[in-house]
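Peer 1: Below is one structure. I have some questions about it.
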Amino acid sequence: MKKHFTLIFTLFLLLLQIPASAQGEWKWAHYWSGGDGSYGDYFNTITNTAFDEEGNIYVYGIMGGNPTIDGMTFQFINNGEVLSYNEKAIMLAKFDTLGNMLWHKVVKSSSSPSFPLWMEVRNDKVYVAGNSSMYEDRQDSWLYYMDTLVRKWQVDNIPEEQQQFPFKPYHRWTFFTQLDLDGNLIEDHFVEAITRDYYFDGTDTVRHQSTLCENDISPVHICNDGSICVFTTIEYNESEERPYTIIVDGDTNKTYQLYFPGSTAPPANIWNAIEYKFTPDWELDFAKLLVDHTDGIAPIIVNGQDTIKDYFYLFFHGMTFDNDDNVYLTGRIVLGQCMPGSGGELNNFPVYIWWDDNHHTTMDDISSAEQCSFILKYNPMGGLLWNNQPHTLIQNSATDLALVDYWESTFDDNSIYVLGDAGYNNNSHIYFDNPQQTLVQNNADSTGGISFFVRYNAATGEYQSHGIIPFPIRVTRKPAIMNDRVLAITWKDYHRELFLTTWRKDGTFIKNEKISDNSNVTYKSYGIQKKDDTHLAVALQATGPQSLGDNIFLNCPSNLSSAVVAYYYDPSLAEPLPEDTTGIAEYETGSSNLRIWPNPANNILHVESANEPIDHVCILDLNGKALIRQSLKNSNPVVNITDLPAGIYIVKTICNDKMAVGKFVKTN
């Protein structure tokens with residue numbers, strides 16, 4: 001199963017105003033840091049970001065204990081115990097275009113980690129969701145919530161019926177908070193879940209009390225009519241005759257009993273995902289399991305069984321929405337029991353995970369069963385309009401591997417753009433709607449990874465185009481669409497170089513613009529948030545000192561994670577790209593040290609570089625459509641052109657970040 005690296009450092013970047021004749025440059029930057037957990041558990045991260053209409057930026061994430069901003073103590077409260085307590089706290093901050101922090105809000109508990117779930121800015125309001133609690137039995141336990149600190153002993157003498165959320169002892173909850181743009185609290189609501197399983201609390205047998213959402217990416221969308229859509233993963237066990245209970249604000253009139261399919265005894269759990277929709281008055285409109293069937297639902301613990309009804313894990317990676325409140329969800333599904341040594345092996349493919357009677361995700365082989373990415377479109381009433389996915393084909397399940405991750409998506413002009421990563425080796429084939437729409441071509445001698453974007457028609461879900469990064473570069477989670485460009489922040493693995501990568505919407509690679517020689521980013525970086533065709537918000541993760549351009553250096557501590565906020569602007573992004581009738585970008589084109597032979601060619605084409613090994617080869621027709629792509633490291637790559645019709649074709653190669661172009665004739 002593909003290993004996922006741990007979150008490390010969070011970098012936040014924005015684009016700022018400079019003279020139109022100049023290149024874009026970073027103008028200012030700040031960073032916060034704080035304590036971390038055990039190895040690999042880094043506290044200072046960013047969940048997501050947003051702009052308001054005036055260009056102010058809102059940052060929502062996690063902050064550790066003893067926090068600092070730009071190396072100075074960040075005293076968000078005059079209480080040393082709360083400041084120094086090293087547990088995950090929720091951080092919400094607003095910055096203006098000059099880099100001033102206008103206000104901040106913090107949620108922190110001595111009972112458990114506080115976890116940010118999602119943030120959205122719309123209609124001149126800031127909406128945030130997160131998990132926290134006031135659960136400990138200690139009298140001196142405390143909760144700091146939106147500028148107010150309360151200890152348990154302060155509320156113990158208040159009759160229970162008079163206690164108010166969030167300061168009610170022995171409760172865990174998911175909060176949904178609405179602020180104005182000045183940070184003033186407008187309203188908040190607290191939703192608990194009472195699970196189906198029971199435990200003995202020393203006095204009585206009671207059901208477990210939990211939060212509505214899991215501590216993971218749980219997208220939330222505020223619809224035009226003020227209703228609230230919440231997407232989260234869910235685990236449950238015990239008999240399906242028992243209810244799974246939802247309680248809003250402790251109100252008995254807003255208590256809802258939900259009955260889910262499947263029964264299993266603890267500690268085995270059933271895993272699924274669910275959409276909750278609440279009215280503007282916070283009454284539950286509906287709750288709908290996303291995998292809406294019993295086939296494929298099985299306990300997390302299966303003792304030595306080989307079964308098609310394999311249990312699955314489901315994870316969300318992101319969400320975007322359009323003007324009609326349709327939401328687009330990206331994520332992945334994993335069939336846990338398919339791996340050798342995990343209790344059983346799945347040996348009958350394809351396997352289908354049904355979202356409803358008409359839509360399913362297909363696991364083509366053992367690789368996609370280990371990790372199968374998806375994109376889903378739901379309407380405001382919870383109806384699934386379409387779904388899509390990447391497909392994998394391998395020849396040998398013992399040696400071959402093809403894994404794909406879909407990260408965040410962006411909606412623009414009736415298209416959905418998704419950033420992704422793929423890992424592969426040996427005889428693997430990764431493609432989109434059909435095998436001709438190839439991301440990775442079968443190549444028995446090729447091993448590695450590739451980063452890309454893929455574009456889908458937002459109305460139909462059909463594949464439209466994709467573009468790859470033709471170098472060994474990693475991609476962040478979220479893209480931005482600027483004019484006719486697709487942009488992403490990328491970096492070279494195990495190197496300190498940071499890039500702004502540009503494609504055309506049709507997938508043609510344009511360039512990598514180096515924006516830092518001193519970077520420590522990791523693959524779990526959030527990515528870009530667009531304001532307009534010149535301004536961007538970007539969230540990255542890295543460790544240690546960070547430089548941006550030539551004039552900004554951030555002395556972030558090397559032994560802690562940090563979150564960085566910066567501002568950058570490039571007016572050239574608003575200018576249309578030059579017309580490219582051949583599909584070959586007029587950027588970074590190298591010298592003609594390229595030999596293509598034989599020419600004309602019939603079955604095999606040799607592409608030889610005179611100076612450096614070739615990283616990537618792409619064959620295009622004269623309309624610029626990419627027909628064959630190969631990523632490899634070889635001074636004399638061989639391309640199989642047997643399936644091409646007779647005609648004239650373009651060869652585009654990448655050598656050490658430089659492009660070279662040639663033509664050849666294909667004969668029958």
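Peer 1: List every residue pair whose Cβ atoms sit under 7 Å apart, with the two residues 6 or more apart in sequence or on different chains, where the first one lies in region 409-435 and is at positive phi and the second, anywhere, is crowded, with 19+ Cβ neighbours inside 10 Å.
Peer 2: What qualifies is Asn414/Ala458; Asn426/Asp400.
Peer 1: Next question, about the same structure. Yes or no: region 171-188 includes at least one residue that is over 30 Å from Gly55 (Cα atoms) and open to solvent by 10 Å² or more (accessible area, probe 1.4 Å).
Peer 2: Taking every residue of region 171-188 in turn, at least one turns out to be over 30 Å from Gly55 (Cα atoms) and open to solvent by 10 Å² or more (accessible area, probe 1.4 Å).
Peer 1: Restricting attention to region 286-329, report how many residues are open to solvent by less than 50 Å² (accessible area, probe 1.4 Å), under 17 Å from Met363 (Cβ atoms) and either at pLDDT 95 or above or touching a strand residue (DSSP E or B) at 6+ places or on another chain (Cβ under 8 Å) (or both).
Peer 2: Qualifying residue count, region 286-329: 11.
Peer 1: Now a separate question. For region 228-279, which fully contained strands (runs of 3 or more DSSP E) count at least 2 residues that are over 25 Å from Trp354 (Cβ atoms)?
Peer 2: Answer list for region 228-279: 244-248, 255-258.
Peer 1: Do you know which residues across region 26-67 are under 26 Å from Leu98 (Cβ atoms), within 19 Å of the chain's Cα centre (by Cα) and not hydrophobic (A, V, I, L, M, F, W, C)?
Peer 2: Asn44, Thr45, Thr47, Asn48, Thr49, Tyr58, Tyr60, Gly61
Peer 1: Being open to solvent by 30 Å² or more (accessible area, probe 1.4 Å) and of a type in the set (A, V, I, L, M, F, W, C) is the filter here; which residues of region 84-102 pass it?
Peer 2: Scanning region 84-102 gives Leu98, Met101, Leu102.
Peer 1: Among the residues of region 151-159, is there at least one that is farther than 22 Å from Asp225 by Cα, in contact (Cβ under 8 Å) with a residue 24 or more places away in the chain and open to solvent by 40 Å² or more (accessible area, probe 1.4 Å)?
Peer 2: Checked against the condition, which is being farther than 22 Å from Asp225 by Cα, in contact (Cβ under 8 Å) with a residue 24 or more places away in the chain and open to solvent by 40 Å² or more (accessible area, probe 1.4 Å), region 151-159 yields no hits at all.
Peer 1: Could you tell me which residue of region 552-586 is modelled with the lowest pLDDT, considering only residues that are of a type in the set (Phe, Trp, Tyr) and crowded, with 16+ Cβ neighbours inside 10 Å?
Peer 2: Looking at residues that are of a type in the set (Phe, Trp, Tyr) and crowded, with 16+ Cβ neighbours inside 10 Å, I get Tyr568.
Peer 1: Oh, and also: Return only the number of the condition from (1) open to solvent by 10 Å² or more (accessible area, probe 1.4 Å); (2) modelled with pLDDT of 80 or more; (3) on the phi > 0 side of the Ramachandran plot that Gly549 does not satisfy.
Peer 2: (2)
Peer 1: Among the numbered criteria (1) outside any strand (DSSP E or B); (2) surrounded by fewer than 21 Cβ atoms within 10 Å (Cβ to Cβ), which one does His30 miss?
Peer 2: (1)
Peer 1: Hey, could you check region 214-227 for residues that are surrounded by fewer than 20 Cβ atoms within 10 Å (Cβ to Cβ) and within 16 Å of Asn326 (Cβ to Cβ) and say which is farthest from the chain's Cα centre (by Cα)?
Peer 2: Asp225
Peer 1: Given (1) among the basic types (Lys, Arg); (2) in a strand (DSSP E or B); (3) modelled with pLDDT under 95, where does Lys168 come up short, assuming only one miss?
Peer 2: Lys168 satisfies all of (1) among the basic types (Lys, Arg); (2) in a strand (DSSP E or B); (3) modelled with pLDDT under 95 except (2).
Peer 1: Limited to region 416-440, what total is found for residues that are open to solvent by 20 Å² or more (accessible area, probe 1.4 Å) and in a loop (DSSP other than H, G, I, E, B)?
Peer 2: 7
Peer 1: Among the residues of region 503-514, is there at least one that is at pLDDT 85 or above, aliphatic (A, V, I, L, M), open to solvent by less than 10 Å² (accessible area, probe 1.4 Å) and in contact with a strand residue (DSSP E or B) (Cβ under 7 Å, 6 or more places away or on another chain)?
Peer 2: Within region 503-514 (the criterion being at pLDDT 85 or above, aliphatic (A, V, I, L, M), open to solvent by less than 10 Å² (accessible area, probe 1.4 Å) and in contact with a strand residue (DSSP E or B) (Cβ under 7 Å, 6 or more places away or on another chain)), the answer is no, since none of the residues qualifies.
Peer 1: How many of the residues in region 44-66 are farther than 22 Å from Asp182 by Cβ, assigned to a loop (DSSP other than H, G, I, E, B) and either small (Gly, Ala, Ser) or open to solvent by less than 10 Å² (accessible area, probe 1.4 Å) (or both)?
Peer 2: Going through region 44-66 one residue at a time, the tally reaches 3.
Peer 1: I'm checking my understanding of the structure. Among residues of region 377-431 that are farther than 30 Å from Leu284 by Cα and β-branched (Val, Ile, Thr), which one is modelled with the lowest pLDDT?
Peer 2: Ranking the candidates gives Thr399 first.
So that you can scan it fast, the table gives a plain yes or no per residue for (1) in contact with a Gly (Cβ under 8 Å, 6 or more places away or on another chain); (2) modelled with pLDDT of 80 or more; (3) loosely packed, with under 13 Cβ neighbours inside 10 Å:
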residue: Ser635; (1), (2), (3): no, no, no
residue: Asn640; (1), (2), (3): no, yes, no
residue: Asp643; (1), (2), (3): no, yes, yes
residue: Ala646; (1), (2), (3): no, yes, yes
residue: Val651; (1), (2), (3): yes, yes, no
residue: Ile654; (1), (2), (3): no, no, no
residue: Lys658; (1), (2), (3): yes, no, no
residue: Asn668; (1), (2), (3): no, no, yes
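Peer 1: Quick one: Glu192 ticks every box in (1) part of a strand (DSSP E or B); (2) acidic (Asp, Glu); (3) open to solvent by 40 Å² or more (accessible area, probe 1.4 Å) except a single one, so which number is it?
Peer 2: Looking at each condition in turn, Glu192 falls short on (3).
Peer 1: Part of a loop (DSSP other than H, G, I, E, B) and touching a residue at least 24 places away in the same chain (Cβ under 8 Å), is that true of Leu98?
Peer 2: Against the criterion (part of a loop (DSSP other than H, G, I, E, B) and touching a residue at least 24 places away in the same chain (Cβ under 8 Å)), Leu98 qualifies.
Peer 1: Now for a different question. So, in region 234-256, exactly how many residues are touching a Gly at 6+ places or on another chain (Cβ under 9 Å) and open to solvent by less than 40 Å² (accessible area, probe 1.4 Å)?
Peer 2: So the count comes out to 2.
Peer 1: Report, ordered by the first and then the second residue, all pairs with beta carbons closer than 8 Å, sequence separation of six or more or different chains, a first member in region 210-238 that is over 20 Å from His317 (Cα atoms) and touching a residue at least 24 places away in the same chain (Cβ under 8 Å), and a second member that is part of a loop (DSSP other than H, G, I, E, B) and among the hydrophobic types (A, V, I, L, M, F, W, C).
Peer 2: Tyr236/Phe260; Asn237/Ala265; Asn237/Ala268; Glu238/Ala265
Peer 1: I need a count of the residues in region 515-544 that are part of a loop (DSSP other than H, G, I, E, B), touching an Asp or Glu at 6+ places or on another chain (Cβ under 8 Å) and either at pLDDT below 80 or open to solvent by 30 Å² or more (accessible area, probe 1.4 Å) (or both).
Peer 2: The number of residues fulfilling the criteria is 4.
The values are calculated or read from the model by the stated rules, or taken from the named source; none is laboratory data. Note that the structure is predicted; figures quoted are calculated from it, not measured. Cβ sites come from the backbone with ideal geometry, for glycine too, and all protein chains shown count toward neighbours. Surface areas here come from the heavy atoms of the whole protein model, side chains and all, with no ligands, DNA or RNA. Shrake-Rupley method; radii C 1.70, N 1.55, O 1.52, S 1.80 Å.
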